[in-house]
Amino acid sequence: MYVLYSTLLGAALILSLPYWIYQMLRHGKYGPGFLQRLGRVPLHLSHTAEPTIWIHAVSVGEVLAVSGLVDQLRVRLPGFRIVVSTTTDTGQKLARDRFGAKNVFYFPIDLSFAIRPYLDALRPQLIVIAETEFWPNFLRLAKRAGARIVVVNARISDRSRRGYRRLHWWLPKVIQNVDLFLAQTQEDSRRLIDIGAPGSRVAVTGNLKFDLQLTQPPPVMANLRDSFRATGASPILVFGSTADDEEERMLLQAFQSILASHPHATMILAPRHPERFAAVAALLESLGIHFLRRSLWGGEPLAGGVLLLDTIGELSAIYGLADIAFVGGSLVPKGGHNIIEPARHGVAIVVGNHTENFRDIIGLFQSRDALRVVGPAELPLVLMELISNEAERRALGQRAAETLRSQSGASEKTVAALENLLAPAPAAIAASQKA
């Protein structure tokens, strides 16, 4: 099966090469790490005498999730070098900022010729995979190279579960290479076992994202706050991680309704994917809405208009400016995005009714009346209600922050599990003592 899988993957990559070339030339994607993905190990990952822990975090969300884990591992395991790989360019940029460029690289494609050079150069004792990335060749070769493999913050979404079930005849064999699965919830634990993970290797440690700490805000935060105060911009609505034109159109229509009674309302709109920035700008122009792009903003008044957040890595902090935060990918059937970032700031949170990808977190916050879930028709009404009722808006944000604090501790449990896995087996210790 591995031979067949590798052949099909290789053929698919060759056939899709024009697409990758187009993406590199048109959008600047994939180019920066192209050779690394094909197995060229960067010089900063040269052989080292230190034992290595390799952490893989696909994109921005996963990089954020493992940030606290990396910090704790560096303190608790000072004799290890910790390196981090990502798949996306945005994840790579954030990882370099967080962990240092010399410790970060692009994850290789799942073919032997690309994977082996990294295993040879790094000789990792432990490989930590954030959430669920089951690359068959990588898992097989890493295990054969002697690495212990752990999937942390593991979750199985409804969509992933359906896909994994279609591979029921092979997936259990693939994930037998994983030594330990650390799931976010009991439901994720059950789903992992359902797709083939041995029950004895699955434990629930919670969601690492609940442990994220607020970072130093970017300089633009103070400038925006000063601008809002000077111009009377209020209320501030931050609509983050929006998914497509349909969702953004609904949000902008709701904002236009709000402007009728609150002419100084200000909207910060943050599309999820950088390649859509230009398309969203075109949508704003077509609707005749006054807007400025964050990358070009020079302090101009924003009251009554929209700031298009066309930069990377600022949304998490900018949620702290909001009176109300809407987390996107949820008014349309995209599965939603994580609400933890605005919750950390104690902001009133609104989401749409398509939140399948974060069912447990949404369910927890709903059970504590710590967010509002709306359909497209209710969206303008709920936003207006929260704008008009400051006491309820503040209480909603406070309940969100309290709910988040109540779930902390996943990082400590995860680090303890990793330390235990790295500890020499009792038999090996006894043998070394006799020697």
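What percentage of the solvent-accessible surface of the chain, computed with a 1.4 Å probe over protein heavy atoms, is contributed by carbon and sulfur atoms?
Carbon with sulfur: 56 percent of the solvent-accessible area.
As a test of the formula, what do you get for the chain when each DSSP H run with n ≥ 4 contributes -39,500 (n - 2.57) and the sum is divided by the residue count, at 222 nm and rounded to the nearest 500 deg cm²/dmol?
About -14000 deg cm²/dmol.
State to the nearest 20 debye the size of the charge dipole of the chain about its Cα centre, where the only charges are +1 on K and R beta carbons and -1 on D and E beta carbons.
1620
When ligands, DNA and RNA are left out and all protein chains stay put, how many square angstrom of accessible area per residue does the chain have with a 1.4 Å probe?
The answer is 44 Å² per residue.
Between Pro342, Pro333, Pro124, where does the largest GNM mean-square fluctuation fall for the chain, given springs only between Cα atoms within less than 10 Å?
Looking only at Pro342, Pro333, Pro124, the largest GNM fluctuation is found for Pro333.
If I ignore ligands, DNA and RNA and count only protein heavy atoms, how much of Leu302 is accessible to a 1.4 Å probe, in Å² to the nearest 10?
0
Compute from the Cα atoms of the range 287-399 the Rg and the Dmax, the latter being the longest Cα-Cα distance, and quote both in angstrom.
14.6, 42
Given the whole protein assembly as supplied and a 1.4 Å probe, what does the accessible area of Thr88 come to in Å², nearest 10?
Solvent-accessible area, nearest 10 Å²: 40 Å².
Ordering Phe99, Phe80 from largest to smallest accessible area (1.4 angstrom probe), what's the sequence?
Ranked from most to least accessible, the order is Phe80, Phe99.
Kirkwood hydrodynamic radius, the range 68-192, all distinct C-alpha pairs: what's the number in Å?
15.7
Taking the chain as a Gaussian network, where each spring joins two C-alpha atoms under 10 Å apart, which residue of Gly329, Gly100, Gly68 fluctuates the most?
Looking only at Gly329, Gly100, Gly68, the largest GNM fluctuation is found for Gly100.
Of Tyr319, Tyr106, Tyr164, which has the largest mean-square fluctuation in a 10 Å C-alpha GNM of the chain?
In the Gaussian network model the winner is Tyr164.
Taking a threshold of 31 Å on the Cα-Cα distance, which of the pairs Lys143/Lys209; Lys143/Lys334; Lys93/Lys413 fall above it?
The answer is Lys143/Lys334.
How many angstrom separate the Cα center of the range 284-302 from the Cα center of the range 123-142?
Distance between centres, Cα-based: 44 Å.
Give me the orientation-averaged projected area of the Cα convex hull of the range 349-389, in nm², one decimal.
Directional mean of the projected Cα hull area for the range 349-389 stands at 2.9 nm².
With N residues in the chain, what two-decimal value do you get for its Cα radius of gyration over 2.2 N^0.38 Å?
In units of the 2.2 N^0.38 Å rule of thumb, it is 1.04.
The values are calculated or read from the model by the stated rules, or taken from the named source; none is laboratory data. Being a predicted model, the structure only gives us computed values, none of them experimental. Backbone-built Cβ (ideal geometry, glycine too); neighbour counts: all protein chains shown. Side chains included, ligands, DNA and RNA excluded: accessible areas come from the protein's heavy atoms. Shrake-Rupley method; radii C 1.70, N 1.55, O 1.52, S 1.80 Å.
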